[in-house]
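The values are calculated or read from the model by the stated rules, or taken from the named source; none is laboratory data. The structure presented is a predicted model; accordingly, all values stated were derived computationally and were not measured. Counting neighbours? That spans all protein chains shown, and the Cβs are built from the backbone with ideal geometry, glycine included.
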Amino acid sequence: MLFLQGDMMKVAVLISGRGSNLKSILEAEKKNLLGEAEVAAIISDNPLAHGLKYAKEYKKQSVIIDFSKFKSKNDFEQKLISVLENAQIELIVLAGFMRILSPAFIDLFRNKIINIHPSLLPSFPGLNAQKQAFDFGVKISGCTVHFVTEEIDAGPIILQKAIEIENDDTEESISSKILSWEHILLPQAIKLFSEKKMILRNNKVKVV
Ligand code: GRF
């Protein structure tokens, strides 16, 4: 089916740093693999985010909302909300966005914010999930795309991919194996969301 620009679901991608997940989303869009979604906003809270270069590379506008320039988190979020609302964003994708969003923000965009996390949640939430998995000595880890709720890394799980951890794996090799699956899973989740192929009920997501 052919979709005109106006029919597309507008997605905002929020980043803070490296931006490799942003790149994978932009690449998927270029290859028409994002379903009915279009990347309508790229937002960074960090003016030095390396990922901003991908916006240029893929000829997209980016918006810098420099966290350090705001008096409070609330002021920062008000600005973020106005950018998202002006762009009529329907899905917010946290792709290495290093800020914890307030309950009020999450409530405003309830079930419209997704995040990628480098572990098989609910194992190893929070920072340095790959190191946590390596240090614990688990034999399987992976990545998770989930809806964002007030509790960190605890929202309904949309997609997961497991990877095996071998004897000679290091924290770096685990991270890189996981990352290559992140780059597949996150665009897939955006596509499914845009095609309304997710049913969220009782804190569980059914992909149909
Ligand atoms: C990824 O490992 C993601 O799972 C986590 O932050 C990292 C971001 O990487 N939330 P990048 O900026 O997309 O390269």
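Condition check ((1) under 14 Å from the mean Cα position of the chain (by Cα); (2) under 22 Å from Met198 (Cβ atoms); (3) away from the ligand (no atom under 16 Å from the Cβ); (4) at pLDDT 95 or above) across all residues:
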| position | (1), (2), (3), (4) |
| --- | --- |
| Gln88 | no, yes, yes, yes |
| Leu91 | yes, yes, yes, yes |
| Pro103 | no, no, yes, yes |
| Ile116 | yes, yes, no, yes |
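What pairs can you find where one residue is in region 15-39 and assigned to a strand (DSSP E or B), the other is of a type in the set (Phe, Trp, Tyr), and their Cβ atoms are less than 7 Å apart, with a gap of 6+ or different chains?
Going by the 7 Å Cβ cut-off, the qualifying pairs are Ile15/Phe97.
Can you tell me which condition Ala95 does not meet? The list is (1) more than 13 Å from the ligand (Cβ to nearest atom); (2) closer than 24 Å to Lys23 by Cβ; (3) of a type in the set (Gly, Ala, Ser), and all the others hold.
Here Ala95 meets the rest and fails (1).
Filter region 105-143 down to the residues that are in a strand (DSSP E or B) and in contact (Cβ under 8 Å) with a residue 40 or more places away in the chain and list them by number.
Ile114, Asn115, Ile116, Cys143
Which one of Asp168, Asp153, Asp135 is within 15 Å of the ligand (Cβ to nearest atom) and among the acidic types (Asp, Glu)?
None of the others qualify; the one that does is Asp153.
If Tyr54 satisfies every condition in (1) within 15 Å of the ligand (Cβ to nearest atom); (2) outside any helix (DSSP H, G or I) but one, which is the exception?
For Tyr54, the failing item is (2).
Can you tell me which of Lys10, Lys79, Lys71, Lys59 is part of a strand (DSSP E or B) and surrounded by fewer than 22 Cβ atoms within 10 Å (Cβ to Cβ)?
When all the criteria are applied, what remains is Lys10.
Being within 11 Å of the ligand (Cβ to nearest atom) and either more than 11 Å from Ile114 (Cβ to Cβ) or among the hydroxyl-bearing types (Ser, Thr, Tyr) (or both) is the filter here, so list the residues in region 181-191 that pass it.
Trp181, Glu182, His183
Do we find a residue being away from the ligand (no atom under 16 Å from the Cβ), surrounded by fewer than 18 Cβ atoms within 10 Å (Cβ to Cβ) and modelled with pLDDT of 95 or more anywhere in region 118-130?
no
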